[in-house]
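The values are calculated or read from the model by the stated rules, or taken from the named source; none is laboratory data. Predicted model only: the values in this text are computed from it and were never measured. Virtual Cβ from ideal backbone geometry, glycine too; neighbours counted across all protein chains shown. In case anyone asks, the SASA skips ligands and DNA or RNA and just uses the protein heavy atoms, side chains included. Shrake-Rupley method; radii C 1.70, N 1.55, O 1.52, S 1.80 Å.
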Amino acid sequence: MAGRVRGSARALLAALLAPALVALLVTPARGRGGRDHGDWDAAALLPPLPPREDAALVARFVAHVCDWGALATVATEEAVRGWPFADVLSLSDGPPGAGSGVPYLYLSPLQQAVSHLQENPHATLTMSLAQTDFCRKHGYDPQSPLCAHIILAGTVTKVNETEVDFAKRSLFIRHPEMKTWPSSHNWFFAKLNITNIWVLDFFGGPKIVTPEEYYNVTFQ
């Protein structure tokens with residue numbers, strides 16, 4: 001009798017949870033991107049990878065379709081002072097189809113990375129197509145060079161008044177949750193001023209792209 005009661009209870013619980021689980025599976029993650037952009041993981045919406053021979057175009061492609069990256073700074077905490085210190089940050093180089101190539105960030109003084117940057121603004125930023133469906137669809141491991149990723153080096157600075165509106169629009173359209181983050185954290189818009197670029201999208205080591213080549217690309 002007790003076994004039948006427990007079985008009925010489990011069946012009832014499963015029936016009640018089923019709609020919620022289905023909704024979680026079919027609804028895009030909140031904050032994963034803005035309208036018409038948050039589903040880069042859908043193969044039908046992810047643009048095709050440019051020819052690998054055009055390293056500058058590949059770099060701009062990766063920078064545009066990625067919504068987050070790993071920013072490595074120089075640690076200031078005593079236990080790890082001077083060591084590389086990486087953290088995952090949301091980013092955007094522009095609204096969908098209007099990428100500028102400039103990685104914009106939304107930062108707070110409460111973040112460890114910001115305290116590092118205040119002492120040393122130099123940083124490197126890595127973005128990988130592993131965050132999209134591209135590598136999974138082709139069976140590429142995230143560490144495989146075929147799963148294209150880029151490494152950008154430079155300095156992180158606050159954006160000026162002439163650029164702040166574009167930075168805000170670029171980030172909020174992809175990461176709408178940012179609009180609700182507490183103002184008490186003193187959020188500000190920043191960007192990586194790129195000085196060096198490495199593209200790893202095939203075997204044989206990274207390809208070097210100059211900032212001039214990178215920004216001269218026509219990309220939509």
Can you name the residue in region 31-52 that is modelled with pLDDT of 90 or more and in contact with a Phe, Trp or Tyr (Cβ under 9 Å, 6 or more places away or on another chain) and is also surrounded by the fewest Cβ atoms within 10 Å (Cβ to Cβ) among such residues?
ARG52
Subset of region 151-168 that is closer than 22 Å to ALA59 by Cα and open to solvent by 40 Å² or more (accessible area, probe 1.4 Å) - its residue that is nearest to the chain's Cα centre (by Cα)
ILE151
What number of residues in region 183-198 are crowded, with 16+ Cβ neighbours inside 10 Å and in contact with a Pro (Cβ under 6 Å, 6 or more places away or on another chain)?
3
Which one of LEU110, LEU129, LEU146, LEU89 is buried (at least 20 other Cβ atoms within 10 Å of the Cβ) and not acidic (Asp, Glu)?
LEU129
Within region 148-167, residues outside any loop (DSSP other than H, G, I, E, B) and aliphatic (A, V, I, L, M) come out as ILE150, ILE151, LEU152, ALA153, VAL156, VAL164, ALA167
Select from region 147-200 the residues that are in contact with a helix residue (DSSP H, G or I) (Cβ under 9 Å, 6 or more places away or on another chain) and small (Gly, Ala, Ser) and list them in ascending order.
ALA148, GLY154, ALA190
So THR180 ticks every box in (1) β-branched (Val, Ile, Thr); (2) exposed (fewer than 12 other Cβ atoms within 10 Å of the Cβ); (3) over 22 Å from ALA113 (Cβ atoms) but one. Which box is left unticked?
(3)
Of the residues that make up region 96-105, is at least one surrounded by 19 or more Cβ atoms within 10 Å (Cβ to Cβ), touching a helix residue (DSSP H, G or I) at 6+ places or on another chain (Cβ under 8 Å), modelled with pLDDT under 95 and closer than 25 Å to ASN216 by Cα?
yes
Please state which of the following conditions HIS175 fails to meet, knowing it meets all the rest: (1) surrounded by fewer than 16 Cβ atoms within 10 Å (Cβ to Cβ); (2) under 18 Å from the mean Cα position of the chain (by Cα).
(1)
